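Notes follow once the structure below has been shown.
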Amino acid sequence: MESTDRRPAPSAATDRQDDAGLRGSALEHERVVIATGERSRLTIVVAVHSTRLGPALGGARLWSYPTWNDALADALRLSEGMTSKNACAGLEHGGGKAVIHLPLGVTLDAETRRDAFLDLGDIVESFGGRYVTAEDVGTSSADMAVVAERTAHVTGLPPEQGGVGEPSEATADGVVSSIRATADVVFGTSDLRGRRATISGLGHVGSLVARTLHAEGVDLTVTDVNPARRALAEELGAMWVSPGSEHLVETDVFVPCGVGGALTETVVAELACRAVVGAANNQLENRSVADLLAARGILWAPDFIVNAGGVIYLASAADVAGRAALDQRVTAIGETVRAVFDTAGRDGVTTLAAAERLAAERLSGGSEA
């Protein structure tokens, strides 16, 4: 196991930054572990960006990458995003992320998959409570139950094991609340009936968003890289388009719910919408894309605020008194989105800058865990 650790009190596991392939980087993370699983032999990365507000909380994803360096880059980027997400959501948690690197073309059998999550549990345990993991892309509450065999620092376990279950519904609810708030700013009403939305990505969250918007009378265009999900389009009476062309469809709201980096400079130049509000993490290819969106008059709701419903659910479900109170916290995401829009308009900055300012203000009030 190799790691780099920038905690206030370094341990014996620290000072391996060069060996971890991070020489010369402007690494702002407190600790990064890159390990080969003892059982699965898969490369596993756990990155803790910040514990200023409390233990880092962020999901574990199982995903295919060309190399382990790509998995590392994803973990670093996503864990930093979790710091901003948790701060803007008002949670007493910092940001972290785990990534299990699945080589391209490799499919896990049941035994190897179980081994991978046992390995992940061992690594999470090595953080001594400074990182709490949960489900994410490619993983489930059942996988978290396996992690729990090796560490107590995991959430989102199946309800039958005393856990709070999967957070997809809460994430989708937060996205829809954000779409309503954005529509109110752009169109003068939060009533979505008769509006048009294009959803890119029909996974757990995207499909739930599609169903809710359909029920509210929204005219849907959808797509997904998995052609089997075309069945949902047919069920909802939505127009299906080929993946990669969805941003060209004239619509009111573009809803990215797939992989990150979908908003490239080229895509933004071609977008035919008034607003972008979606569940995908790290939607912007780079920071300059926020300026391009603003220049085109397209209102972008920052992803790390919009998609915080799941982490709010995981962090709060066991403590909040009643489902109604939890639902209220998730619905309040729309109010945070509106506050970011107000700040951006008042100060003449992008919505990205306004959201980052909100995160920084909340982080400045925290202290090292």
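The values are calculated or read from the model by the stated rules, or taken from the named source; none is laboratory data. Predicted model only: the values in this text are computed from it and were never measured. Positions of Cβ are generated from backbone atoms using ideal geometry, with glycine treated the same way; all protein chains shown enter the neighbour counts.
Listing for the model above:
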quantity	calculated
Among the candidates ALA344, ALA355, ALA280, residue that is assigned to a helix (DSSP H, G or I) and either over 17 Å from the mean Cα position of the chain (by Cα) or closer than 18 Å to VAL205 by Cα (or both)	ALA344
Which listed residue is polar (S, T, N, Q), more than 20 Å from ARG130 (Cβ to Cβ) and touching a helix residue (DSSP H, G or I) at 6+ places or on another chain (Cβ under 6 Å), from THR67, THR36, THR43	THR43
Check on ASN69, within 21 Å of the chain's Cα centre (by Cα) and surrounded by fewer than 18 Cβ atoms within 10 Å (Cβ to Cβ)	yes
Residue match in region 304-315 (condition: crowded, with 24+ Cβ neighbours inside 10 Å, part of a loop (DSSP other than H, G, I, E, B) and assigned by TED's automatic domain parsing to the domain that holds HIS214)	yes
Filtered residues of region 283-303 (kept if small (Gly, Ala, Ser) and part of a helix (DSSP H, G or I))	SER288, ALA290, ALA294, ALA295
Lone qualifier among THR107, THR189, THR182, THR139 - being in a helix (DSSP H, G or I) and either in contact (Cβ under 8 Å) with a residue 24 or more places away in the chain or hydroxyl-bearing (Ser, Thr, Tyr) (or both)	THR182
Region 245-261 - residue that is surrounded by 23 or more Cβ atoms within 10 Å (Cβ to Cβ) and of a type in the set (A, V, I, L, M, F, W, C) and, of those, nearest to ALA170 (Cα to Cα)	CYS257
Residue satisfying condition, being in contact with an Asp or Glu (Cβ under 6 Å, 6 or more places away or on another chain) and either farther than 22 Å from LEU104 by Cα or among the small types (Gly, Ala, Ser) (or both), within set LEU53, LEU57	LEU53
Condition check for ASP219: assigned by TED's automatic domain parsing to the domain that holds LEU292, modelled with pLDDT of 95 or more, of a type outside the set (Lys, Arg) and within 24 Å of the chain's Cα centre (by Cα)	no
Residue in region 120-129 that is over 18 Å from SER79 (Cα atoms) and surrounded by 20 or more Cβ atoms within 10 Å (Cβ to Cβ) present	no
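Here is a yes/no grid of residues against (1) closer than 28 Å to ALA301 by Cα; (2) crowded, with 20+ Cβ neighbours inside 10 Å; (3) out of contact with any Gly (no Cβ under 7 Å at 6 or more places or on another chain):
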residue	(1), (2), (3)
GLY138	yes, no, yes
SER141	no, yes, no
PRO158	no, no, no
GLU166	yes, yes, no
ASP173	yes, yes, no
THR182	yes, yes, yes
